[in-house]
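Have a look at the structure below, then the notes.
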Amino acid sequence: MAAFGSFCLLIGLALAAYNLLAGALALRLLATGQPARISPERLADTARRAGIAGFIAVTGAAFALVWSVFTNDFSITYIVEHSNRALPIAYKFAALWSGQEGSLLLWAWLLGTYGFVLRLRHKTDVKLYAYAGTILAGIQVFFLLLLNFAAPPFSLLKGAIPDDGNGLNPLLQYPEMVIHPPMLYLGYVGFSVPFAFALGALMMRYPGEKWIRITRTWTMVTWLFLTCGIFLGMHWAYAVLGWGGYWGWDPVENASFMPWLTGTAFLHSVMMQERKGMMKSWNVWLIFSTFLLTLLGTLLTRAGLVSSVHAFAQSSIGTWFIVFMAIVIAVCIFAYVYQRGHLKTEHQLESLVSRESSFLFNNLVLLTACFVILWGTLFPILSEYVEGSKVTVGAPFYNRVAVPIGLFLLFLTGVGPLLPWRSTSLRAIKRNFVLPVIALWAMVIVCLVAGANPWKGGMFDSGRFYALVAFALSAAVTTAIVAEFLRGATVIARQTGRNLFAALWLLTRRNTRRYGGYLVHIGVVIVVVGLAGSAFNRNLESELGMHGSMSIGPYTLVNNSFTQDTNDNYNSEYAVLDVYKGGKNVFQMTPEKRFYLASGQPQTMVAIHSTPEWDLYVVYEGTNPDTGQPIIKAFLNPLVGWIWFGLAVIVLGTFVALVPSLTPATAALRVPAARGVQAEPVLKGGD
Amino acid sequence: MTEMQGLIAGMLLLFALVVYTFWPENAFASQKEKTRLDYLLERKEQLYENLRDLNFEYRAGKYPEEDFQAQRALLEHETAQLLAEIERMQA
C-alpha cells in the first residue's frame, strides 16, 4: 500500500499544479482577451476537472494510510511510530492525524473535499468559482509538496520490520480525540474557501457582494466546526490532563482560538457589507488574516516552534510554512494594493450609537483580543530571537487582558441587537434598554444575597468580581435577546392571529439568520456563565487509606477499594470511591492511572460526576511511595456543565441560521416611483 | 498489496484521472461577465430587505415614530435612485 499511497500523492500534486497553472492561464486569457490556440473556457474547465481528479488521488492516499494502519503494516515508519496491534479500532483512525505526516495528509484531503464540493457547484457563478478553485489549487500544491518531499507519510522503515508498533500517544487515547482533531481541521481548512472567494472576488473586481452570500454557508459551517473543535479540545484537556481546568492558554489552544476570533469578527462585519456596502477592505483583510492564522495554527501545532501538551509533532517543516505564509501575504498585499479602488465604501458610519457601530466595536474588541493572544503566543519565540532566552507568557497575563475584553464583548452581544441600523435617538435607547438594565441589577442583588460577592475572606478578589459582572451581564443580555424574540413574535401573532409559540416559530423561520444568530448569542451567554463559575472552584488533596475519607463541598469521598487491572493495551491502577451526600451513598467514582504497554507512558483518567450546579472531579495521583496508599485529589468546579450545554445551544443556533429563511407572504413596501428621481449612477460599487 | 501491485493500481488510477480531466467536453459552462445591471438588481433585493426589516422593527416597537419616518425616508430615497438607474439601463 505504501507504493500506491506515494503514487497517489504524486498524482495529486501533478493535478493540483495543473489546476493552478491552467486555471491561472485561462483566467488571464479571459481577462485580457488575448487570442489562444485553445479556448480559455475549455482550458478552465480542464483545470476544474483536474481539481476534482486531484481530490480522488488524495483520497486514494488517505485510504492507503488508513488501510496500512488497520493491516498493521509496520514496514511504514509512520505506522510503527503511531500505532500498534492492540490499539482499539477507533484509535486506529486517530493514528491518521496523531503524527505530522498523517495530519498534513488530513489537511490535504479535507482541502480536496472542500474543493471537490466547490467545483461541483461551479455553475452558481462560473467565473468566480474558477478564481476560487484556482486559489484553492495553489494552497493544495503547497500541502502536496510538503507531503511528497518534506513529510512523506509512506516512507519505509530502514532495517528489520518490527512485530509491533510503538503505539498511539496515550494522551490521544480518549474518545474526544477521535473527533476533536478532524473538527478542528475542518474548521482550519474550511476557512480556505471564504479566503479563496474573497481573494478571487478582489482579483476579478467582482461587482457587488454576492460572493459573500455564496460563501455564507461555507463560512458558518467552517466557524461551527472550529467552535466544536475548540470546545472538544477543552473537554479533552479537562478530562485527560487532570489539572481541574479546561483552558490553560497553551500556545496550541491559542492557535485555534485566534482564527476563531477573527472568523467571528468576519461573520459580524460582513453583514454591514451585505446590507450597506460598508467595511469592504476591513472584511477582505479579516478573512485574509483568518486564513493566515489557520496556517500559523498548523505551523505551531506541527513544527514544534512552541512547547505545548497539544503539539504532537516536532520537525523542520516550519521553514516551508514560513515561506508559504510569506507568499500568501505577498499575494494578498499585491491584490489589495492593485485592486483597492474596487473596495470603496458605499456608506459612511452615521452615528456612534447604531447597529453598525456596535458591529465595529465588536470587531475592534475581537481583534484586540486576537492581537493580545498572538503577542503572548509568539513572545517566547520573539524573546528567544532577540535576547537568546525563551520567556514564556503565563495564564495570568492572558486572564488579566482577556477577561475584561470578553466581558465587554458580552456587553456588546446584548447591546447590538437593541440598536437600530443607521442611528439611534435617546428615546429609542430608553425604550429598548429598560428591561435589560433592570435584569442586570436584579442579578447583582441575587448574586450578592447568594454569597457570590467579590470578597473572599474579607479581601477583594478580582476573579469573583469579574464573575459577578459576568452573571449580571448575562442576565441583561438574555433579557435583551428574549425581548427581541417576544417583540417580533407579538407582531406576527397580531398579524396572523397565531398563538405566541406558533408566532415565535414563524418569526424564526422568516429570518433564520438573525434569530439563529440570537440563539448562538444565548449559547455564548450560557458558556460565559460556565466560565465565570471557575472563580468559585475548590480543591483538596488527601492520602486515602482503606475506608479513609475526605470531604469537599456537600460530598464525602470514602475509599472503598484500591485495585489493579490489565489488558492488551495497558495496565491500570484505580481507586473505587463511594461518594456520600447528606449521609446517603449517592454514586461511585473510579479515578484511574494507566500505563500503556507499547509506549511505556502513563496516563491519568479522571473521574467526573457532572450536575448543572457543579462537577465533582477526582484524580488518582498514584500511591505514596512510603505508605503505599493512594493519593486522591478532588475538585469541586461550579457550573462547568453549562459550558458544554452552551456549546449545544451554539450548535443549534448555527443550524437554525443555516436554514434558508421563508420569504414573507406579503411584503408591504411603499417605494416611490422611479420616474422623476435623478437617474445618475449614484450607487457606488459594482463597477 | 506488493510494491508492484501498488504501482500498477497507481498507474490505472493515473490513466483514469487523466482521461477524466482531458476528455473532450463541449458542454462546459461559459464564464458570463457580471454587469452593473446584475449588481443593481442584487442591490435592489437587499434594499427591499432593509425596508422590510425597518418596517418590522417599527411594528415591534423598536423605533419611535419620528426615527422610523426619518429612516424610511432615507431608505426609500436610496431605493428610488437605484430603481431609476435600473430603469435607465433597461430602457
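Of all the helices (runs of 4 or more DSSP H) wholly in chain B, which have at least 2 residues that are over 30 Å from A:Thr490 (Cα atoms), more than 8 Å from every other protein chain (Cβ to nearest Cβ) and over 22 Å from the mean Cα position of the chain (by Cα)? Full working, then the answer.
On the way: elements: B:3-22, B:36-59, B:65-90.
By residue number, B:3-22.
Condition check ((1) in contact with a helix residue (DSSP H, G or I) (Cβ under 8 Å, 6 or more places away or on another chain); (2) in the same structural domain as A:Leu296 (by TED's automatic domain parsing); (3) acidic (Asp, Glu)) across all residues:
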position: A:Leu366; (1), (2), (3): yes, yes, no
position: A:Ile373; (1), (2), (3): yes, yes, no
position: A:Ser383; (1), (2), (3): no, yes, no
position: A:Glu387; (1), (2), (3): no, yes, yes
Inset, instruction - Filter the range A:131-156 for residues that are in contact (Cβ under 8 Å) with a residue 40 or more places away in the chain and over 27 Å from the mean Cα position of the chain (by Cα) and give the result. - result: A:Asn148, A:Ala150, A:Pro152, A:Phe154, A:Ser155, A:Leu156
Inset, instruction - Return the pairs, sorted by first residue and then second, in which the second residue is crowded, with 23+ Cβ neighbours inside 10 Å and of a type in the set (Gly, Ala, Ser), the first residue lies in the range A:196-212 and is within 16 Å of A:Ala24 (Cα to Cα), the beta carbons are less than 7 Å apart, and the residues are 6+ apart or on different chains. - result: A:Ala196/A:Ala132; A:Phe197/A:Ala132; A:Gly200/A:Ala132
Inset, instruction - Looking for whichever is of a type in the set (A, V, I, L, M, F, W, C) and in the same structural domain as A:Ile608 (by TED's automatic domain parsing) here; the options are A:Leu544, A:Leu473, A:Leu519, A:Leu506. Which one fits? - result: A:Leu544
Inset, instruction - Can you confirm whether the range A:411-429 contains a residue that is touching a Pro at 6+ places or on another chain (Cβ under 9 Å), free of Cβ contacts under 8 Å to residues at least 60 places away in the same chain, in a helix (DSSP H, G or I) and within 14 Å of chain B (Cβ to nearest Cβ)? - result: yes
Inset, instruction - Quickly run through the range A:19-49 and pick out the residues that are facing another protein chain (nearest Cβ under 7 Å) and either under 30 Å from A:Ala151 (Cβ atoms) or of a type in the set (Ser, Thr, Tyr) (or both). - result: A:Thr46, A:Arg49
Inset, instruction - Find the residue count for the range A:336-362, including only residues that are of a type in the set (Lys, Arg) and surrounded by fewer than 19 Cβ atoms within 10 Å (Cβ to Cβ). - result: 2
Inset, instruction - Could you please give the count of residues in the range B:49-61 that are among the charged types (D, E, K, R) and more than 13 Å from A:Arg514 (Cβ to Cβ)? - result: 1
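Residue-wise test of (1) under 26 Å from A:Val527 (Cα atoms); (2) in contact with a helix residue (DSSP H, G or I) (Cβ under 8 Å, 6 or more places away or on another chain); (3) part of a helix (DSSP H, G or I).
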| site | (1), (2), (3) |
| --- | --- |
| A:Ala442 | yes, yes, yes |
| A:Ile445 | yes, no, yes |
| A:Ala467 | yes, yes, yes |
| A:Ala470 | yes, yes, yes |
| A:Ala475 | yes, yes, yes |
| A:Glu484 | yes, yes, yes |
| A:Thr490 | no, yes, yes |
| A:Arg498 | no, yes, no |
Inset, instruction - Looking at (1) more than 23 Å from the chain's Cα centre (by Cα); (2) away from chain B (no Cβ under 14 Å); (3) surrounded by fewer than 17 Cβ atoms within 10 Å (Cβ to Cβ); (4) in a helix (DSSP H, G or I), find the lone condition where A:Gly159 falls short. - result: (4)
Legend entry - Tally, over the range A:398-440, of residues that are modelled with pLDDT under 80 and either crowded, with 18+ Cβ neighbours inside 10 Å or of a type in the set (Ser, Thr, Tyr) (or both): 7
Inset, instruction - Those residues that are in contact with a helix residue (DSSP H, G or I) (Cβ under 7 Å, 6 or more places away or on another chain), closer than 17 Å to A:Arg275 by Cα and at pLDDT 85 or above, I need them from the range B:43-75; list them, please. - result: B:Arg43, B:Lys44, B:Gln46, B:Leu47, B:Asn50, B:Leu51, B:Leu54, B:Phe56, B:Arg72, B:Leu75
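Is there a residue being under 20 Å from A:Ile329 (Cβ atoms), in contact with a Pro (Cβ under 7 Å, 6 or more places away or on another chain) and buried (at least 20 other Cβ atoms within 10 Å of the Cβ) anywhere in the range A:189-211? Spell out how you get there, then give the answer.
Keep residues of the range A:189-211 that are under 20 Å from A:Ile329 (Cβ atoms), which gives A:189, A:191-203.
Next, only the ones that are in contact with a Pro (Cβ under 7 Å, 6 or more places away or on another chain) stay: A:191.
Then drop every residue that is not buried (at least 20 other Cβ atoms within 10 Å of the Cβ), which leaves A:191.
Looking for residues that are under 20 Å from A:Ile329 (Cβ atoms), in contact with a Pro (Cβ under 7 Å, 6 or more places away or on another chain) and buried (at least 20 other Cβ atoms within 10 Å of the Cβ), one finds at least one in the range A:189-211, hence yes.
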Inset, instruction - Tell me, yes or no, whether the range A:237-251 has at least one residue that is among the acidic types (Asp, Glu), in a helix (DSSP H, G or I) and in contact (Cβ under 8 Å) with a residue 40 or more places away in the chain. - result: no
Inset, instruction - Check A:Phe562 against each of (1) in contact (Cβ under 8 Å) with a residue 40 or more places away in the chain; (2) outside any strand (DSSP E or B); (3) not basic (Lys, Arg) and name the one condition it does not meet. - result: (2)
Inset, instruction - Output the number of residues of the range A:389-436 satisfying the condition of being under 30 Å from the mean Cα position of the chain (by Cα) and charged (D, E, K, R). - result: 2
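Got a sec? Which of A:Ala86, A:Ala16 is within 26 Å of A:Lys158 (Cα to Cα), out of contact with any Phe, Trp or Tyr (no Cβ under 7 Å at 6 or more places or on another chain) and more than 10 Å from every other protein chain (Cβ to nearest Cβ)?
Working: A:Ala16 fails: within 26 Å of A:Lys158 (Cα to Cα).
Every option except A:Ala86 fails the conditions.
So, in the range A:315-326, of the ones that are without any contact (Cβ under 8 Å) to a residue 24 or more places away in the chain and surrounded by 12 or more Cβ atoms within 10 Å (Cβ to Cβ), which residue ends up nearest to B:Gln46 (Cα to Cα)?
Kept after step one, since they are without any contact (Cβ under 8 Å) to a residue 24 or more places away in the chain, are these residues of the range A:315-326: A:318-319, A:322-323, A:326.
Still in the running and surrounded by 12 or more Cβ atoms within 10 Å (Cβ to Cβ): A:318, A:322.
Values: A:Gly318: 45, A:Ile322: 41 Å.
Here the residue is A:Ile322.
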Inset, instruction - Check A:Gly208, A:Gly244 and return the single one that is modelled with pLDDT under 85 and out of contact with any helix residue (DSSP H, G or I) (no Cβ under 6 Å at 6 or more places or on another chain). - result: A:Gly244
Inset, instruction - For residues that are within 14 Å of another protein chain (Cβ to nearest Cβ) and modelled with pLDDT under 90, scanning just the range A:121-151, find the one that is nearest to A:Cys332 (Cα to Cα). - result: A:Leu128
Inset, instruction - Could you identify the single residue in A:Phe149, A:Phe154, A:Phe143 that is aromatic (Phe, Trp, Tyr) and outside any helix (DSSP H, G or I)? - result: A:Phe154
Inset, instruction - Find the residue count for the range A:369-392, including only residues that are over 17 Å from A:Gly318 (Cβ atoms) and modelled with pLDDT under 80. - result: 5
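The values are calculated or read from the model by the stated rules, or taken from the named source; none is laboratory data. Since the structure is predicted, the reported quantities are computational estimates derived from the model, not experimental observations. Cβ sites come from the backbone with ideal geometry, for glycine too, and all protein chains shown count toward neighbours.
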